[in-house]
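Here's the structure, in structure tokens; my notes come after.
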């Protein structure tokens, strides 16, 4: 292999090594861990997922369902009609209909679950809690086993009714990223970070479609979700979720210190990453200069002498 071919192979090898650090498949996201380490994580960030549900509007679906099911006499259709009423903000009508259905066929899981939601949307958190617990009793695996978190949310809302400043001093789950370990104990639940993340995502995905800011309970759960995201995914996503928490009414004085901490760690992670790239670049430049000085960057030493 002549010197020119060797030069091309060297250049291609260097290019492949360099771009291996920068060219990422679209399903991967570069971010910063809580430790400050720069990482690549797969999937959509928690913040992006939440924005999708925040933008959803249940009104069009509710209008279509209400028109299709109006006047229905079948038990299941009337149950679905109660959901249409909730989509349209007519939760008190939904409560009345669901109470009638419970009288007709006591013990149905989906009636209890919908009654809990309808009561909550109509502002009666005590009855909402009673019926959500009844729904769990009738079907513990409902909503992918996440209804325990619905109970925690309602308990927080009831506490806020007794103390208007409850969510200024507490969150739904009282989570901090530095205290999130392999298993997390919440009441009687012992969960992995992954299981807890899925529960929060499930409950928020349902709730954000109906509840618009401000809402202290949602703000509190967003604050908890940001802690999980910071501990297990990236600070960039956690930062975006914290900003959503502020938008929903979480006290900014409790969020701002975390935002500043995350900004420092993100900046430090990037500085370390780019410092490594700069060092590699400097070494490559030095290597190329050495090769040129020794005549490996031209077709022959005679050409090099002529260039000099």
Fill in: Filtered residue count, segment 237-264, keeping only those that are over 19 Å from residue 170 (Cα atoms) and surrounded by fewer than 18 Cβ atoms within 10 Å (Cβ to Cβ)
4
Worksheet item: For residue 221, which of the numbered conditions (1) surrounded by 15 or more Cβ atoms within 10 Å (Cβ to Cβ); (2) more than 22 Å from residue 147 (Cβ to Cβ) fails to hold?
Response: (2)
Item to complete: Kindly list the number of the only condition in (1) crowded, with 16+ Cβ neighbours inside 10 Å; (2) more than 18 Å from the chain's Cα centre (by Cα) that fails for residue 180.
Response: (2)
Item to complete: Go through the residues of segment 46-68 one by one and say whether even a single one is crowded, with 19+ Cβ neighbours inside 10 Å, touching a residue at least 12 places away in the same chain (Cβ under 8 Å) and more than 27 Å from residue 125 (Cβ to Cβ).
Response: yes
Practice prompt. Write out, first by first residue and then by second, each pair whose Cβ atoms fall under 9 Å of each other, whose residues are 6+ apart or on separate chains, and whose first residue, in segment 77-92, is without any contact (Cβ under 8 Å) to a residue 40 or more places away in the chain and on the phi > 0 side of the Ramachandran plot while the second is in a helix (DSSP H, G or I) and crowded, with 18+ Cβ neighbours inside 10 Å.
Written response: 89/62; 89/121
Worksheet item: Picking from 270, 233, which residue would you name as being at pLDDT below 90 and within 21 Å of residue 201 (Cα to Cα)?
Response: 233
Worksheet item: When you look at residue 193, is it touching a residue at least 24 places away in the same chain (Cβ under 8 Å) and surrounded by 15 or more Cβ atoms within 10 Å (Cβ to Cβ), yes or no?
Response: yes
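Considering each of 228, 200, 158 in turn, give the residue that is under 24 Å from residue 140 (Cβ atoms) and surrounded by fewer than 15 Cβ atoms within 10 Å (Cβ to Cβ).
158
Of everything in segment 106-124, what is surrounded by fewer than 22 Cβ atoms within 10 Å (Cβ to Cβ) and either assigned to a helix (DSSP H, G or I) or in contact with a strand residue (DSSP E or B) (Cβ under 8 Å, 6 or more places away or on another chain) (or both)? Give them in sequence order.
109, 110, 121
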Response to the item:
residue 295 vs (1) at pLDDT 90 or above; (2) at positive phi: all pass except (1)
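The values are calculated or read from the model by the stated rules, or taken from the named source; none is laboratory data. Being a predicted model, the structure only gives us computed values, none of them experimental. Note: ideal-geometry Cβ built from the backbone for every residue, glycine included; neighbour counts use all protein chains shown.
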